[in-house]
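The values are calculated or read from the model by the stated rules, or taken from the named source; none is laboratory data. The shown structure was predicted, so the numbers you read here are calculated from the model rather than taken from an experiment. Because the Cβ atoms are built from the backbone with ideal geometry, glycine has one as well, and the counts that use them run over all protein chains shown. Ligands, DNA and RNA are excluded from the accessible area calculation, which covers all protein heavy atoms including side chains. Shrake-Rupley method; radii C 1.70, N 1.55, O 1.52, S 1.80 Å.
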Amino acid sequence: MAKVGIVMGSDSDMPVMAQAADFLKKMGIDFEMTIISAHREPEVFFDWARSARARGYRVIIAGAGKAAHLPGMCAALFSLPVIGIPMKTSDLGGVDSLYSIVQMPSGIPCATVAINGGKNAGILAAKILAVADEALEQKLCAYAEELKNEVVQKDARLQEIGYEAYLNK
């Protein structure tokens with residue numbers, strides 16, 4: 001089965017990256033998670049990214065803050081899709097990370113989700129894999145139905161009790 005590689009530059013990124021892992025687990029998608037610093041251990045990073053396809057990865061989710069080189073370098077070294085997650089930083093709120101990931105040069109695309117968008121990265125990885133996996137596509141359709149039902153239930157509650165009571169629930 002196709003796997004997703006989840007890589008982050010620091011363990012401080014773990015709460016966001018775990019959201020991607022949790023969604024992949026819910027969908028029954030195999031993944032491996034690792035911490036590698038592109039700046040502090042470049043040889044290890046290069047080996048990891050270059051061998052990702054041989055290890056069965058079909059998508060990489062890479063999270064990084066500040067200069068955020070990890071997702072872009074994964075995209076440069078890995079021939080299949082890379083999804084970058086810009087991390088919220090204390091200095092610039094994650095906008096620095098977002099700009100670093102979305103401004104990849106022509107020919108080296110890196111899909112990018114919202115700042116701290118771990119769950120959406122997991123969903124996007126699942127959707128990419130679902131292109132060739134009908135059972136996975138059905139799981140994603142069921143998930144979308146769950147989301148719809150949550151909204152319907154919330155609206156029914158709002159209509160039942162009114163907005164003041166809803167705000168004070």
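Residues in segment 34-52 that are polar (S, T, N, Q) and either at pLDDT below 95 or surrounded by 14 or more Cβ atoms within 10 Å (Cβ to Cβ) (or both): SER37 alone.
In segment 16-25, which residue that is open to solvent by 40 Å² or more (accessible area, probe 1.4 Å) and touching a residue at least 24 places away in the same chain (Cβ under 8 Å) is nearest to VAL82 (Cα to Cα)?
Only one residue fits best here, namely GLN19.
When the criteria are applied in full, GLY28 fails the requirement of being of a type outside the set (S, T, N, Q), at positive phi and free of Cβ contacts under 8 Å to residues at least 12 places away in the same chain. Evaluated against (1) more than 22 Å from LYS25 (Cβ to Cβ); (2) free of Cβ contacts under 8 Å to residues at least 40 places away in the same chain, GLU145 falls short on exactly one condition, (1). Taking (1) assigned to a loop (DSSP other than H, G, I, E, B); (2) touching a residue at least 40 places away in the same chain (Cβ under 8 Å); (3) surrounded by 11 or more Cβ atoms within 10 Å (Cβ to Cβ) in turn, ARG55 satisfies each apart from (3).
Conditions tested, residue by residue: (1) at pLDDT below 95; (2) not aliphatic (A, V, I, L, M).
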site	(1), (2)
MET1	yes, no
GLY5	no, yes
ALA18	no, no
LEU24	no, no
ILE29	no, no
GLU32	no, yes
GLY56	no, yes
MET73	no, no
ALA76	no, no
